[in-house]
1. I need the full set of residues from segment 129-144 which are assigned to a loop (DSSP other than H, G, I, E, B) and more than 17 Å from Asp35 (Cα to Cα), in order please.
2. With the requirement that a residue be within 22 Å of Arg176 (Cα to Cα), touching a residue at least 40 places away in the same chain (Cβ under 8 Å) and either assigned to a loop (DSSP other than H, G, I, E, B) or in contact with a helix residue (DSSP H, G or I) (Cβ under 6 Å, 6 or more places away or on another chain) (or both), what does segment 89-125 give you?
3. Can you confirm whether Phe61 is out of contact with any His (no Cβ under 8 Å at 6 or more places or on another chain), closer than 20 Å to Ile139 by Cβ and among the aromatic types (Phe, Trp, Tyr)?
4. Please determine, by comparing only the residues of segment 170-215 that are touching a helix residue (DSSP H, G or I) at 6+ places or on another chain (Cβ under 8 Å) and of a type in the set (Gly, Ala, Ser), which one is surrounded by the most Cβ atoms within 10 Å (Cβ to Cβ).
5. Could you check, for segment 34-49, whether at least one of its residues is surrounded by fewer than 22 Cβ atoms within 10 Å (Cβ to Cβ), more than 12 Å from Leu8 (Cβ to Cβ), in contact (Cβ under 8 Å) with a residue 60 or more places away in the chain and in contact with a helix residue (DSSP H, G or I) (Cβ under 8 Å, 6 or more places away or on another chain)?
6. Counting just the residues of segment 216-229 that are under 22 Å from Ile139 (Cα atoms) and without any contact (Cβ under 8 Å) to a residue 40 or more places away in the chain, which one comes out surrounded by the fewest Cβ atoms within 10 Å (Cβ to Cβ)?
7. Applying the selection to segment 69-108, what residues are surrounded by fewer than 16 Cβ atoms within 10 Å (Cβ to Cβ) and among the hydrophobic types (A, V, I, L, M, F, W, C)?
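The values are calculated or read from the model by the stated rules, or taken from the named source; none is laboratory data. A quick note: this is a predicted structure, and the numbers were derived from the prediction, not measured. No Cβ is skipped: glycine too gets one built from the backbone with ideal geometry, and neighbour counts run over all protein chains shown.
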Amino acid sequence: MPVTLAFLGTGTCNSTPRNPSSLALSNGEEVFCIDFGGGAYHQLSRVNHPAFSYKNLSAIFLTHFHVDHVSGLPDLLWGEMWDRTGRRLDPLVLGGPHGLGNFYEQRLLPFMGDYPVPFPVKLLEMGDGEAYEGSFFRITAHRLAHGEFSTGYLIEAGEKRIAVTGDTGMCDGIARLCAGASLAVMEWGITGDDAYPGHLNTGNVLELLEGGALPPVVYVTHVYPEPGASTREQLDKMRRVVDEYPVRFVFPEDTQFLDLEA
């Protein structure tokens, strides 16, 4: 079964050419996303791959409820409400950690004003270790350390096991999430060793490498811009830090996609 992974947004809440966090996976017939930061709905139409269409979006799983991970949801609800090519009628699964119901009812729906969502939205609050079975994937929540209920996800699709951290500080849950994974999509928020609550810095990444906690390939996202350095200079410095390790680090750009083996 061919599965394709696309990076809709690899940036942060800071203003840069990169969109905020969002990741999409597709089997060619169905699309689901992890996080849905600003512009994610439109980014689906910018991925140059036939597997990705907003028409086939069936589920979105949120790692937490910070604005840069959820601000594409109003675009989705509004766009699907007024789609001139045909309004959405199919249900949408919206998954996330504890607090999802409050987020949806108290924050998201009021933003839509007096316009009711014309299709069913199935809310799925997922505790640590709880799983959801999709048509071509299984996704399991793993509690991490970015907020009271922030979570990462392990996605199993065919033979592939993909660990997605979302935002997280250093914690034991990262190793548990990545155990047996084929690849990880992991934040490396802080280029240096400065302490920044709820995010991984360079020292944390090296500690994970020394402990053998990471899978063979790691795709790095959510890198905060470093003052005085261009994006290229910053990423080159990060590559040099991890070059000696057997784990391969990749720094994807927005709308880049990866065809995974069956």
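1. Within segment 129-144, the first condition is being assigned to a loop (DSSP other than H, G, I, E, B), and the residues that meet it are 129-130, 134-137, 144.
Hits for segment 129-144 are Gly129, Glu130, Ser135, Phe136.
2. First, pick out the residues of segment 89-125 that are within 22 Å of Arg176 (Cα to Cα): 95-98, 125.
After this cut, where a residue has to be touching a residue at least 40 places away in the same chain (Cβ under 8 Å) as well, the list is 95-98.
Of everything in segment 89-125, those that are within 22 Å of Arg176 (Cα to Cα), touching a residue at least 40 places away in the same chain (Cβ under 8 Å) and either assigned to a loop (DSSP other than H, G, I, E, B) or in contact with a helix residue (DSSP H, G or I) (Cβ under 6 Å, 6 or more places away or on another chain) (or both) turn out to be Pro97, His98.
3. On the way: out of contact with any His (no Cβ under 8 Å at 6 or more places or on another chain): yes; closer than 20 Å to Ile139 by Cβ: yes; among the aromatic types (Phe, Trp, Tyr): yes.
In short, yes.
4. Ala184
5. No, segment 34-49 contains no residue that is surrounded by fewer than 22 Cβ atoms within 10 Å (Cβ to Cβ), more than 12 Å from Leu8 (Cβ to Cβ), in contact (Cβ under 8 Å) with a residue 60 or more places away in the chain and in contact with a helix residue (DSSP H, G or I) (Cβ under 8 Å, 6 or more places away or on another chain).
6. Residues of segment 216-229 under 22 Å from Ile139 (Cα atoms): 216-222.
After this cut, where a residue has to be without any contact (Cβ under 8 Å) to a residue 40 or more places away in the chain as well, the list is 216-218, 220.
Numbers: Pro216: 11, Val217: 15, Val218: 26, Val220: 22.
The residue in question is Pro216.
7. Once the filter is applied, which keeps residues that are surrounded by fewer than 16 Cβ atoms within 10 Å (Cβ to Cβ) and among the hydrophobic types (A, V, I, L, M, F, W, C), segment 69-108 yields Met81, Trp82, Leu89.
For (1) assigned to a loop (DSSP other than H, G, I, E, B); (2) farther than 19 Å from Glu187 by Cα; (3) within 12 Å of the chain's Cα centre (by Cα), each residue gets a yes or a no:
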residue	(1), (2), (3)
Gly11	yes, no, yes
Thr16	yes, no, no
Ile34	no, no, yes
Val47	yes, yes, no
Pro74	no, yes, no
Asp83	yes, yes, no
